[in-house]
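Below is one structure, written out as structure tokens; comments come after it.
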Amino acid sequence: MKILVVDDEQDVQPLFEQRFRREIKSHEFEMEFVLSGEAALEYLNNNGFQDKLILSDINMPGMSGLELLDKIQKSCNPPPPVVMMISAYGDDENKNTAQKLGANDFLTKPLDFALLKEKIKSLSI
């Protein structure tokens with residue numbers, strides 16, 4: 001499964017690579033990392049929207065994760081990619097907005113990586 005992780009914090013990449021090292025080594029997961037919503041759109045436009053899981057932080061400078069989600073939903077051909085939003089703030093406003101914009105799930109930081117693995121493995125991408 002191809003997973004695009006969108007987060008402006010640079011320490012996210014080594015953390016994900018450590019937590020998913022078995023899945024990456026066995027080629028169960030292929031992970032790409034970008035530091036902004038703008039970079040995510042560029043990546044998706046160059047590599048296609050299909051067959052991907054997108055894990056996106058909400059609070060980022062420039063384009064927020066919610067703005068990215070809205071652009072993804074409007075830009076891709078159906079069916080849209082699976083998008084899970086990640087936020088340090090589990091407030092209802094962000095959750096409701098993410099749902100309305102088409103997010104498939106909403107996770108709060110700090111991430112429960114065991115739960116995230118379960119959710120990813122249950123997807124049929």
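The values are calculated or read from the model by the stated rules, or taken from the named source; none is laboratory data. Only a predicted model underlies this, so the values are computations on that prediction, with no experimental measurement involved. Heads up, the Cβs are rebuilt from the backbone with ideal geometry, glycines too, and the neighbour counts pull from every protein chain shown.
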Check your understanding: Got a number for residues in the range 48-80 being at pLDDT below 90 and not basic (K, R)?
Key -> 10
Practice item. Go through the range 77-125 and count every residue that is in a helix (DSSP H, G or I) and exposed (fewer than 11 other Cβ atoms within 10 Å of the Cβ). Key: 5
Point to revise | Residue that is surrounded by the fewest Cβ atoms within 10 Å (Cβ to Cβ), among those in the range 1-22 that are β-branched (V, I, T) and out of contact with any Ser or Thr (no Cβ under 9 Å at 6 or more places or on another chain) | key: V12
Review point. Among the residues of the range 50-62, which ones are under 17 Å from A103 (Cα atoms), surrounded by fewer than 19 Cβ atoms within 10 Å (Cβ to Cβ) and in contact with a Ser or Thr (Cβ under 8 Å, 6 or more places away or on another chain)?
Key: N59
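Suppose the filter is surrounded by 16 or more Cβ atoms within 10 Å (Cβ to Cβ), among the basic types (K, R) and over 24 Å from E28 (Cα atoms); does K74 pass it?
Details: surrounded by 16 or more Cβ atoms within 10 Å (Cβ to Cβ): no; among the basic types (K, R): yes; over 24 Å from E28 (Cα atoms): yes.
When the stated conditions are applied, K74 does not pass them.
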